[in-house]
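In what follows, a structure is listed as structure tokens, so that the remarks can point back to it.
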Amino acid sequence: MAGIFAATITVSSAGTAVQITSTPTPFEWAIFHIAEGNSNDVAIGASDVSMTNGLTLEVVGNNNYEKDSWRIDGKLFAESPPLDLSDFYVDATTNGDKIEVLAKVL
């Protein structure tokens, strides 16, 4: 399955966590990026993610060139099992807000 994973994840109902993918997808690195046009912040975390329990990606003014993002390494050590995109969820304050995900999958 080695390659690139790219997706836009929409939170249809604010307050309800949305899984990044239901397919096991171990990764080498991943970038979570707040999508253009969002009304408010989004949060990334485990299945219990909420706007008060997770890493918050913030809407940064009206500047389309300045967007909040988070990069994580999925495999830090050769002997460690890699992180998996299916373990990550997103939530939002506003219905329809989104994140974009780009990852190098193993």
Go through the range 11-27 and report how many residues are farther than 13 Å from TYR89 by Cβ, of a type in the set (Val, Ile, Thr) and open to solvent by 30 Å² or more (accessible area, probe 1.4 Å).
1
Checked the range 28-64 for anything more than 11 Å from ILE99 (Cα to Cα), buried (at least 18 other Cβ atoms within 10 Å of the Cβ) and touching a residue at least 40 places away in the same chain (Cβ under 8 Å); matches are ALA30, VAL49
Any hit, the range 70-85, residues being at pLDDT below 90, loosely packed, with under 15 Cβ neighbours inside 10 Å and under 14 Å from ASP41 (Cβ atoms):
yes
Just name the residue that is farthest from VAL49 (Cα to Cα) out of those in the range 90-106 that are of a type outside the set (A, V, I, L, M, F, W, C) and open to solvent by less than 10 Å² (accessible area, probe 1.4 Å).
ASP97
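The values are calculated or read from the model by the stated rules, or taken from the named source; none is laboratory data. Keep in mind it's a predicted model, so treat the numbers as computed, not measured. Using ideal geometry, Cβ is built from the backbone for each residue, glycine included, and neighbour counts are taken over all protein chains shown. Just the protein is used for accessible areas: all its heavy atoms, side chains included, with ligands, DNA and RNA removed. Shrake-Rupley method; radii C 1.70, N 1.55, O 1.52, S 1.80 Å.
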